[in-house]
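Structure, as structure tokens:
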Amino acid sequence: MYDPKLHSHLYRQLDQLKKGQTKSKNGQAHFELRLASNYPTLYELLGELYGSRMEIQPLVEEVVLVLHNYYKTRKADLKKLDIKREKNPDWLLNQKWVGMMLYVDHFAEDLKGLKGKITYLEELGVNFLHLMPLLKCPDGENDGGYAVSDFQKVEPRLGSMDDIVEITKEFRKKDILLGLDFVMNHTSDEHDWAEKAKSGDPKYQEYYFMFDNRDVPDQFEQTMPEVFPEAAPGNFSFDEASGKWVMTQFHNYQWDLNYYNPQVLIEMLSAALFLANQGVDILRLDAVPFVWKKLGTACRNEYECHVILRLFKACFQIVAPGVAFIAEAIVRPHEIMKYFGEGKYSGRECDIAYNATSMALYWEALASGETNLLQRVTSNIPEKPYRTTWINYLRSHDDIGLGFDDEDIYALGINAIEHRKFLIEFYSGKYPGSTAMGAPFGMNHKTGDARISGTLAALTGLEKAIELDNQELIDVAIGRILMLQAIVLAYGGLPMLYSGNEIGLPNDYSYQKDKEKSYDNRWMHRPLMDWKAAERRNKKGTVEHRLFHGMKHLIKVRKSLTEFADLNSFKLEPTENKHIFSFLRWDYNGNRTLVLANFFNGNQFVKQEILHRIGLNTLKLKDAISQSTPTYFHDLIELQPYQCYWLRESSS
Ligand code: OTU
């Protein structure tokens, strides 16, 4: 069984043994070593998926051949980096990483343009860049690139694979990580496989789920929820060319891949390894809960999804162990943990997952001004395996799903249905007193369920405040944004900003006039970068200056605090004040920071004795953000509206 820690020990020992000997040139030994550690795993996992239906031996051999080919063609500098990361398997947990996600064309037109804009990101302190889908996709509707037509070609509008290779080289020099999407659940209907399936080729029809009539689709529909109930109702689309019904859980141009067919697994594994060999550090595995479909189920989070992910991990451990996986699974807390691996696969599935539950709860707490639900749900999130980590974020290119359980809301004596309705109304700006300018997304009229769209600026009330030219409201909104960012930066994991949030870009309503986008209001929170506005970050007193420098400062301080590394060192510290969210972070050298965040639009207080209970010496406490002692009111610590403290004991 492969174990990262043991493996790093093994390397150390091997290095010692090798001292004085001539080094092997091709590094094949590493491949053999890793293969040896994972060989039983390959058998076990491929057996779990395909064992009962075929002899596993030839399939294992085929997979190993693929792995060897990608290993042979993997560049020497990448192999060196792999080994460096194997020797330090905690590399991702470091507090030095700060991420940003962006669409290349929205940010800088194309990949060449992007290279010229890196200094802007460096200025902010970003050193992990997630570029939104950039592989070849259909003209017109393509779900922002989440409909891939060729896994080896970059969308020509954006550049070429050579540009990617160049960018990764430059990034490596600067210690910047590159993350790319790997859309593994579906292809576009213009992918070569889909084209062949359309034209009647039975081999490729087996790559998808295609049916002659509605019999099986109708059975599936009985238990399958809809992803986009408004824009793409149902889970099957009729393909005129072949006269068949095709499974399309997302849009009708996104054809679900059939992983029951081992050829699909091999093709997709190859596609992922191809990307890894271009120098990509992190793959975001899109829509992973959807990859395995089973009649009579919701076709989400099935056990086999995990088997597939474990297989990908084992294969990557052999070829490209320096590459990390993000599970893009926006699911309930009890489900998300499984994507880090369970049982003997604990920590051997995805390295990173989106902390979508906390994200949704921050928004809930901001709307209600209370942190009870946030605390309750957070306290029940089980500890993740060591060496796995979160992406902590406020906004992404997607909508915000209110992904917490009704039972938790009811447990607080609140009517869950009413509360969800309140949140949707609040963020749509319909609730009295709300200054939010978001919109409901994916309204399901059958279930009453809805999610929320809108930029950070729109949802925190900044867009409205600027529109009203109301200085007081602008201050409130900036306070909200910086407090939320301070939590995300302190929580433990990789903080991920969405491009434009650092200068408070408002919603972009132009999608409404574009017939390829108008049905999908997620486009409102994917604005084009406004470089004129970005320039204003250099002018004191502007909103852009306050936000950009506020965030830049928080990022800088985060990087300097070793207790912010994600060593699973996180503990909630309830303060008896329902408006305050509070948690403790520490390292193993005695450094500790207590985070106190006020979600209420008014001053709040925390008793000093609570800090004593935690064992903090209040005489020595300093706020790492402001570098000053916190404000006291008698024996109470005072927090301004939306203030966040990072309190640590200073040595002086
Ligand atoms: C992902 O999202 C992407 O982030 C979306 O932008 C894509 O449209 C989609 O896949 C299709 O490729 O349902 O509302 O639990 O939340 O996979 C967005 C995971 C989605 C899902 C997620 C999906």
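Once R0 is set to 56 Å, what does the formula 1/(1 + (r/R0)^6) return for the Cβ-Cβ distance between N470 and S651, expressed as a FRET efficiency to the nearest 0.05?
FRET efficiency, N470 to S651: 0.85.
How much area per residue is accessible in region 196-268 when the probe is 1.4 Å and only protein heavy atoms are counted (Å²)? Can you show the working numbers first?
On the way: 2970 Å² over 73 residues.
So region 196-268 comes to 41 Å² accessible per residue, rounded to a whole number.
What is the antiparallel percent of DSSP beta bridges lying wholly in the chain, to the nearest 5?
Values: 42 of 70 bridges.
Once the DSSP bridges in the chain are tallied, antiparallel ones form about 60 percent.
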Mind giving me the FRET efficiency for N261 and I417? R0 is 45 Å, r the Cβ-Cβ distance, nearest 0.05 is fine. 0.60
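Gain in length, D406 to K84, computed as 0.36 nm per residue apart minus the alpha-carbon separation, to one decimal in nm?
Values: separation 322, 0.36 × 322 = 115.92 nm, distance 4.52 nm.
Taking 0.36 nm per residue and subtracting the Cα distance, the gain is 111.4 nm.
May I ask you to order 215-227, 584-596 by the average number of other C-beta atoms within 10 Å around their residues, highest value first? Can you show the working numbers first?
Numbers: 215-227: 15.4, 584-596: 17.7.
Averaged packing, sorted descending, gives the order 584-596, 215-227.
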From the Cα gyration tensor of region 544-608, with a ≥ b ≥ c the square roots of its eigenvalues, which class applies: rounded if a/c is under 1.5, or else prolate if a/b is larger than b/c, or else oblate? oblate
Calculate what fraction, in whole %, of the accessible area of the chain sits on carbon and sulfur atoms when a 1.4 Å probe is rolled over the protein chains. 51 percent
Computed lengthening from R536 to E304, 0.36 nm per intervening residue step minus Cα-Cα distance: 78.5 nm
Helix-only mean residue ellipticity at 222 nm, the chain, DSSP H runs n ≥ 4 weighted -39,500 (n - 2.57), per residue, nearest 500. What is it? -11500 deg cm²/dmol
Proximal charge balance of I308 [Cβ under 15 Å; K/R count +1, D/E count -1]: -3
Residue-wise HN-Hα coupling along region 491-508, computed from phi with Karplus coefficients 6.51, -1.76, 1.60 (Hz; x: Gly, Pro): 4, x, x, 8, x, 10, 8, 9, 3, x, 5, 6, 10, x, 4, x, 4, 10
Could you grab the relative contact order for the chain? Cα pairs under 8 Å, six or more apart, rounded to a whole percent. 12 percent
Karplus-derived 3J(HN,Hα), 6.51/-1.76/1.60, for each residue of region 541-558, Hz, glycine and proline x: x, 6, 4, 4, 5, 4, 6, 4, 6, x, 5, 4, 5, 4, 5, 4, 5, 3
Using 7 Å Cα-to-Cβ label points, what is the Y43/L295 separation (nm, one decimal)? 3.3 nm
Between region 528-568 and region 343-397, what is the C-alpha centre distance in whole Å? 23 Å
Sequence ranges 330-340, 442-452, ranked by mean other-Cβ count within 10 angstrom, highest first: 330-340, 442-452
Each residue of region 134-151 in turn: what ³J(HN,Hα) in whole Hz from Karplus with 6.51, -1.76, 1.60 and θ = phi - 60°, glycine and Pro shown as x? 9, 7, 4, 8, x, 5, x, 5, 8, 6, x, x, 7, 9, 8, 9, 7, 6
Share (percent) of C-alpha pair distances in the chain greater than 31 Å works out to 53 percent
Using the alpha-carbon centroid of each, what span in Å lies between region 206-236 and region 594-609? 49 Å
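Work out the FRET efficiency for Q57 and E342 from their Cβ-Cβ distance, taking R0 = 45 Å, and round it to the nearest 0.05. If you can, show how the numbers build up before the last one.
Details: r = 27 Å, r/R0 = 0.61.
After rounding to 0.05, the efficiency reads 0.95.
Rg to Rh for region 293-395: what is it, with Cα atoms only and Rh by Kirkwood?
On the way: Rg = 15.3 Å, Rh = 14.9 Å.
Ratio value, two decimals: 1.03.
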With just the Cα atoms defining each centre, how far is region 172-189 from region 431-456? Give it in Å. 30 Å
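Sorted by packing (mean other beta-carbon atoms within 10 Å per residue), highest first, where do 637-643, 57-63 land?
637-643, 57-63
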Over all distinct alpha-carbon pairs, what is the Kirkwood Rh of region 149-267 in angstrom? 16.2 Å
Please give me the summed charge of the neighbours of E166: other residues whose Cβ is under 14 Å from its Cβ, Lys and Arg +1, Asp and Glu -1. +2
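The values are calculated or read from the model by the stated rules, or taken from the named source; none is laboratory data. Predicted, not measured: the structure shown is a model, and the values here were computed from it. Cβ: placed from backbone, ideal geometry, glycine included. Neighbour counts: every protein chain shown. The accessibility values were calculated without ligands, DNA or RNA, using every heavy atom of the protein model including side chains. Shrake-Rupley method; radii C 1.70, N 1.55, O 1.52, S 1.80 Å.
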